[in-house]
1. Efficiency by 1/(1 + (r/R0)^6): what FRET value for Thr74 and Val8, r their Cβ-Cβ distance, R0 = 30 Å, to the nearest 0.05?
2. How large, in percent, is the carbon and sulfur part of the accessible surface of the chain at a probe radius of 1.4 Å?
3. Given a Förster distance of 22 Å, report the FRET efficiency between His31 and Thr94 from their Cβ-Cβ distance, rounded to the nearest 0.05.
4. For P(r) over Cα pairs in 10 Å bins from 0, in percent, which listed value, (1) 8, 27, 27, 19, 11, 5, 2, 1, 0; (2) 8, 31, 34, 17, 6, 2, 1, 0; (3) 7, 22, 24, 19, 15, 10, 3, 0, comes from the coordinates shown?
5. About its Cα centre, how strong a charge dipole does the chain have in debye, to the nearest 20, once Lys and Arg get +1 and Asp and Glu get -1 at the Cβ?
6. Counting other Cβ atoms within 10 Å, keep those with at most 15, restrict to DSSP loop, and tell me which GluC sites (Glu not before Pro) in region 108-188 are left.
7. What accessible area per residue comes out for the chain, rounded to a whole number of Å², with a 1.4 Å probe?
8. Just to be sure I understand: of the beta bridges DSSP finds with both ends in region 63-188, what percent are antiparallel, rounded to 5?
Amino acid sequence: MAADFPIVDKNRLISEASKLLFDLQRPSSWHVVEISGDGDFGFDILVHLEVAGGIRHIFLIQLKGTESPDLIETGQKISFTLKRRTLNLYAQTTVAVMLAVAVVSLDETGKLVIDNSSIHWQWIPEELSRLRGSPTALDESSAGATNVHVPIEQRLHARLDIRAHLERRLKIAQSAVSLEDKIGRAHV
């Protein structure tokens, strides 16, 4: 009888290749903290965004990997399945959340083929608006999962600048606080 040992399956190789590809392609201004273990609840990476030598913004990333993406809309988007409960958590998160889908190519030994691999991304609030009509809407159905769409043209690369998106989110949040303050003072 043969001895049993832990198995290194294809999913593990894809996950490791996805992390390596992310580290190789992310902008140097993205200072990352990996959130690992069973307690990540849909958040794999915390990113501190450096602007002019200082950390100005933070956002979270859910990193997923695949060797064979489900292409839709004549190859313009990747359809990727996420749990409904995880999307509900994202809908209640005040920090920006990005889904990054690594499309990896592995050689016959399981090593990443960088030139044939890429990472595509989408802001989750934009997908929640498309799917639910609002970035904060909860899905209370019994559905187990939902397909989100990631545009192929949104590729992660060393010069990717997402600062304008994060600054726009900050201005909206600051406006909401200002409005809340004005309403609070009007009721005094």
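The values are calculated or read from the model by the stated rules, or taken from the named source; none is laboratory data. Worth saying up front: this structure is predicted, and the values here are computed from it rather than measured. Cβ placement follows ideal geometry from the backbone for every residue including glycine, while neighbour counts extend to all protein chains displayed. The accessibility values were calculated without ligands, DNA or RNA, using every heavy atom of the protein model including side chains. Shrake-Rupley method; radii C 1.70, N 1.55, O 1.52, S 1.80 Å.
1. Values: r = 36 Å, r/R0 = 1.20.
With R0 = 30 Å, the Cβ-Cβ based efficiency is 0.25.
2. Working: 6010 of 11530 Å².
Accessible surface attributable to carbon and sulfur in the chain totals 52 percent.
3. On the way: r = 20 Å, r/R0 = 0.92.
After rounding, the FRET efficiency stands at 0.60.
4. (2)
5. Details: 21 positive and 24 negative charges, 159 e Å.
About 760 debye.
6. Working: sites: Glu108, Glu126, Glu127, Glu140, Glu153, Glu167, Glu180; in loops: Glu108, Glu140, Glu153.
Passing both the DSSP loop test and the Cβ count: Glu108, Glu140, Glu153.
7. On the way: 11530 Å² over 188 residues.
Roughly 61 Å² per residue, with all protein chains present.
8. Working: 18 of 22 bridges.
Percentage antiparallel, nearest 5: 80.
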